[in-house]
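In what follows, a structure is listed as structure tokens, so that the remarks can point back to it.
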Amino acid sequence: MSSPRRVVVLTGAGISRESGLHTFRDADGIWSKVRIEDVCTPEAFAADQAYVHAFYNARRAQLPEVAPNAAHAALARLEAAFEGSGRELLVVTQNIDDLHERAGSAHLLHMHGELLRARCTRCGATPDWNGPMSVDTPCPACAATALRPDVVWFGEMPLHMDAIQGALERCDLFVSIGTSGTVYPAAGFVQIASGHARTVELNLEPSEGSSLFDHSILGPATDRVPAFVSALLGP
Ligand code: BV8
């Protein structure tokens with residue numbers, strides 16, 4: 001195949017696992033300790049804001065303690081190599097951590113929002129947010145105590161879907177990295193791309209959608225992603 005010119009990469013929690021952030025559905029995953037319905041739905045937040053704030057405050061506090069890994073760095077290297085060459089790379093991440101940015105990726109969309117951003121449910125402001133948040137924290141813009149994490153919960157519409165749909169329809173290579181393929185609409189992206197794009201999955205183990213991909217490369221992201229990027233960029 002000629003070298004791809006329009007690449008879309010989807011990442012999930014598996015790409016951050018070797019940086020020390022837990023995934024969701026592995027044996028030691030986040031959902032083995034906390035129930036989705038208690039922390040990751042609008043109803044959960046309405047029922048117990050303090051509990052949901054504590055869940056996201058703990059995950060936000062972890063970020064300064066972890067660093068991007070070789071897989072994040074490889075995607076940033078791919079973006080840099082494409083720059084100015086007429087080739088396009090878009091990374092769409094389901095992750096709410098900031099490891100892609102810290103590795104240097106700029107053509108990046110967080111479809112499930114970001115841990116380091118707040119959203120005011122009163123005025124809609126979305127200020128950057130590094131510290132803890134509570135039911136008593138005033139919005140910097142309108143002073144209302146109405147802040148929530150700016151993340152997408154189950155039942156809420158993911159972000160940037162028009163841009164993502166367009167990129168998937170135009171791409172000639174779709175790569176899925178470190179995701180179990182259980183959460184939609186992300187899990188359906190491979191079906192939008194296949195037919196006109198080569199589709200490749202890089203994962204520690206087969207995902208729920210493995211059979212939908214042209215190729216499946218199994219192994220840890222910090223090994224398989226740099227090797228995949230080097231093969232893409234050639235000698
Ligand atoms: C929506 C928030 C519509 C932030 C998250 C039935 C059928 C189809 C869909 C549905 C359905 N019932 C309900 C739905 C919709 C629902 C859904 O898909 N439910 C699933 C469970 C069936 N989806 C939604 O609600 C979405 N919204 O559909 O809106 C709509 C339409 C109109 C109007 C309004 C709305 C919203 C989904 C977003 C939910 N928010 N997170 C946060 O707290 O993080 S989702 C949550 O799961 C995470 O954020 C994460 O992004 C996401 C996916 O998980 P993964 O990233 O894949 O992680 P996981 O642990 O599962 O897998 C890790 C993988 O890595 C594994 O495969 C593992 O093998 C691999 N791995 C591990 N280590 C490594 C590795 N790989 C490589 N190297 C390693 N070292």
Q) Any idea what angle helix 161-170 forms with the longest principal axis of the chain, computed on alpha-carbon atoms, 0 to 90 degrees, nearest 10? A) 0
Q.
Once you place label points 7 Å from the Cα toward the Cβ at Ser32 and Ala46, how far apart are they in nm?
A. 3.3
Q.
Full-extension gain between Val66 and Leu159, please, as 0.36 nm times their residue separation minus the C-alpha to C-alpha distance.
A. 31.0 nm
(Q) Counting C-alpha atoms alone, how compact is region 171-235: give Rg to one decimal and Dmax as a whole number, in angstrom. (A) 11.5, 37
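Report the extension gain between Ser230 and Arg170 in nm, rounded to one decimal, defined as 0.36 nm multiplied by the number of residues separating them, less their alpha carbon distance. Present the calculation step by step, with values, prior to reporting the outcome.
Numbers: separation 60, 0.36 × 60 = 21.60 nm, distance 2.31 nm.
Net length gain for the segment: 19.3 nm.
If you wrap a convex hull around the alpha carbons of region 86-129, what volume per residue comes out, as a whole number of Å³? List each step's numbers first, then the result.
Details: hull volume 3.8 nm³, N = 44.
Convex hull volume per residue, Cα atoms: 87 Å³.
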Q. When every alpha-carbon pair in region 75-220 is counted, what percent end up more than 25 Å apart?
A. 37
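How big is region 13-127 by the Kirkwood estimate over distinct Cα pairs, in Å?
So the Kirkwood estimate lands at 15.7 Å.
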Q) Among Thr121, Thr222, Thr11, whose mean-square fluctuation peaks in a Gaussian network model of the chain (Cα, cutoff 10 Å)? A) Thr121
**Q.** Area accessible to solvent at Met161, 1.4 Å probe radius, in Å²
**A.** 40
**Q.** Nitroxide proxy distance, nm - points 7 Å out along Cα→Cβ at Cys123 and Glu205
**A.** 4.8
**Q.** Spacing of the two label points (7 Å from each Cα toward its C-beta) at Asn57 and Asp136, in nm
**A.** 1.0
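Quick one: with all protein chains in place, what share of the accessible area of region 101-175 is carbon or sulfur, to the nearest percent (1.4 Å probe)?
Values: 1860 of 3550 Å².
On region 101-175, the fraction of accessible area on carbon and sulfur atoms equals 52 percent.
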Q) On average, how much accessible surface per residue is there in region 95-235, in Å², for a 1.4 Å probe, leaving out ligands, DNA and RNA? A) 45
Q) What angle do you read, to the nearest 10 degrees and between 0 and 90, between the alpha-carbon axis of helix 70-82 and the longest principal axis of the chain? A) 60
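The values are calculated or read from the model by the stated rules, or taken from the named source; none is laboratory data. No experiment lies behind these values; they were computed from the predicted model shown. Virtual Cβ from ideal backbone geometry, glycine too; neighbours counted across all protein chains shown. Note: accessible area is taken over every heavy atom of the protein model, side chains too, but ligands, DNA and RNA are not part of it. Shrake-Rupley method; radii C 1.70, N 1.55, O 1.52, S 1.80 Å.
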